[in-house]
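Here is the structure we will look at, set down as structure tokens.
The values are calculated or read from the model by the stated rules, or taken from the named source; none is laboratory data. The model shown is predicted, which means the values in this text are computed figures rather than measured ones. Cβ placement follows ideal geometry from the backbone for every residue including glycine, while neighbour counts extend to all protein chains displayed.
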Amino acid sequence: MPALGTIGGGATLALVMLLVIAVGVAILQLPGDPTVFYLPVWAATFLALFLPVAIIAIRAQVRYNRIELIDLFAKTFDLHPHNGTGSTLVSFEFVRGKYYADLPHEARTGDLTKIPRFPFQVLSDWMLLFCAIPFMIFSGFGMFLIFAHLAQFSADGMVGAWLKPSLLAAGGLPSELLADPAKIDAHHLNVLTIAAVAFAGSYFFSIRLFLRAVVAFDLSPVTFLRAFLHMMLVLVLLVVAYRVVPSTEQVVALGRDALAALDLNRGTDWPQYDPTDGVGYGWLFLAFAFGFIPESALSYVIQKAGFSFKERLIKHEKHCKVVPVTLLEGIDHLTAFRLEEAYIFDVQNLAAFNPIMLHIESPFGIYTTIDWVAQAQLCLEFGPERFLALRTLNIRTIFDLEAVVERGSPEAREALADILFQNDMRDADLRESLGLKTLPKLHLGAGEPGALTSDARREALRTLVAAIIDDLHVKRLRQLWDRVSRSLGGDGVLQHMV
């Protein structure tokens, strides 16, 4: 089966090469100087055709390399499937399933010799290539227009001969403008320029999307279709916006006409508006920006258009701020940028992430990823202020907290209670915004009227931490922690609280 896949993949690529050569030969036979087509044809070939194929090939290589890492991890911690039942470590099975799910059944046994080493040996690669066809055709057309010689857009040029003004580009223009071929051609060139710049922005957005999906092994047929629809949406949106939004000259012309109606512009030399004037620099910038960030651009346009949607509740957002991962020990800005490739943008994402998955899909070791996730879980539960205060007691991770609460001395638990039940400004601002006048008893210090006794505070602390470590992502991390601890010679078992 892999051999047939290799032969089929090679035959497909050979057929594509022959097709490209045939198109190139046909273009060289066109009348005129054929050298003006060299750059457009090569750009369309490599950027629109070979690049998606290369991305699919890279995905296959990434899969094989990471399966090797998965196999090494399984051997190190004795996680290979036994009798076909799989390992008992759920986190590992999720990672393994991600990279084995679309492989043939005989390749899922863990035998590396049965893993396809080359692209187009499995059905998923062919499905990716099939769904990439709309993207390749549309981007090839766009690349050809971007790099085509400007003279080819004239009425006598090849592009101008077959790419006539469409209803979207020129429909609805004044009749005197439609009757002037030179002006309508100039207007059409302006619209094509806007569309080309918007396409360039959307193309680079798509490539960035593909590369991020490959790094996270998240590339799917929908990714290519989404990129294709992205480019279509951006082009139509920008062309419509260019034709609808009035330019500075149009605004001046409207003002001139209004003053003329009132007979107030005598002796004023007003500039005349010509719809065939060149595209302004602002439009070029907006077209590329809207193409590169189409979701944000579309939201902005819809908002400015005055459409009414359900109002978003933002009054309490200041109490739910995003906590950056750079707050954790061992993560600087460069590391945080690398984590974004795995769709980890804040502490909550990292706290709920699979540390084995992060180890396999990044250059960071398994002990490092476990430590980061354990830190993130502690920070997520208690907030950045209390998290930093806990560091002063040498409590860095969620399991450090559990160990102190379960096996620490009464004095250590009391110190924890003073930090975790402290009345900070964030809690005070939240209570004020909610209209709460009374202070919770847990926030009252020892000796204050209505404050809890030391024993009651310690029991409340145990109850609070027990509820926290009962979360699913904490249980998953504990299971991995115990397995790694046993492999290093420890008992691997933390005392669970009841």
TODO: From the list I67, I133, pick out the single residue that is modelled with pLDDT of 80 or more, in the same structural domain as L219 (by TED's automatic domain parsing) and surrounded by 18 or more Cβ atoms within 10 Å (Cβ to Cβ).
DONE: I67
Open item on the list: Restricting to segment 328-375, name every residue that is among the hydroxyl-bearing types (S, T, Y) and free of Cβ contacts under 8 Å to residues at least 40 places away in the same chain.
Closed with: T335, S362, T368, T369
Task: Any chance F92 is part of a loop (DSSP other than H, G, I, E, B), in contact (Cβ under 8 Å) with a residue 60 or more places away in the chain, buried (at least 19 other Cβ atoms within 10 Å of the Cβ) and of a type in the set (F, W, Y) - done: no
Open item on the list: If I ask for residues that are assigned to a loop (DSSP other than H, G, I, E, B) and in contact (Cβ under 8 Å) with a residue 24 or more places away in the chain, which ones from segment 472-488 would you list?
Closed with: none
TODO: Test each condition in (1) in the same structural domain as P165 (by TED's automatic domain parsing); (2) surrounded by fewer than 18 Cβ atoms within 10 Å (Cβ to Cβ) for I194 and report the one that comes out false.
DONE: (2)
Open item on the list: Of the conditions (1) surrounded by fewer than 19 Cβ atoms within 10 Å (Cβ to Cβ); (2) within 18 Å of the chain's Cα centre (by Cα); (3) touching a residue at least 40 places away in the same chain (Cβ under 8 Å), V325 satisfies every one except a single condition; which number is it?
Closed with: (1)
Task: Tabulated pairs, segment 179-207, first under 16 Å from W162 (Cα atoms), second modelled with pLDDT of 90 or more, C-beta under 9 angstrom, 6+ apart or interchain - done: none
Task: segment 222-241 residues that are surrounded by fewer than 16 Cβ atoms within 10 Å (Cβ to Cβ), paired with ones that are not β-branched (V, I, T) (beta carbon under 6 Å, 6 or more apart) - done: L225/C131
Task: From S139, S124, residue being at pLDDT 85 or above, surrounded by 13 or more Cβ atoms within 10 Å (Cβ to Cβ), closer than 30 Å to T35 by Cβ and under 24 Å from the mean Cα position of the chain (by Cα) - done: S139
Task: Unmet requirement for G267, which otherwise passes all of (1) within 19 Å of the chain's Cα centre (by Cα); (2) modelled with pLDDT under 80; (3) small (G, A, S) - done: (1)
Open item on the list: So if I check each of L192, L173, which one is assigned to a helix (DSSP H, G or I) and modelled with pLDDT under 90?
Closed with: L192
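A quick yes/no check of all residues on (1) at pLDDT 85 or above; (2) out of contact with any Asp or Glu (no Cβ under 9 Å at 6 or more places or on another chain); (3) under 30 Å from I356 (Cα atoms):
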position: A169; (1), (2), (3): no, yes, no
position: S202; (1), (2), (3): yes, yes, no
position: F205; (1), (2), (3): yes, yes, yes
position: V214; (1), (2), (3): yes, yes, yes
position: F217; (1), (2), (3): yes, no, yes
position: V245; (1), (2), (3): no, yes, no
position: Y273; (1), (2), (3): no, no, no
Task: Criterion violated by K75 - all others in (1) basic (K, R); (2) surrounded by fewer than 18 Cβ atoms within 10 Å (Cβ to Cβ); (3) at pLDDT 90 or above satisfied - done: (3)
TODO: Search segment 122-161 for residues being hydroxyl-bearing (S, T, Y) and out of contact with any Phe, Trp or Tyr (no Cβ under 8 Å at 6 or more places or on another chain), and hand back the single one that is farthest from A195 (Cα to Cα).
DONE: S124
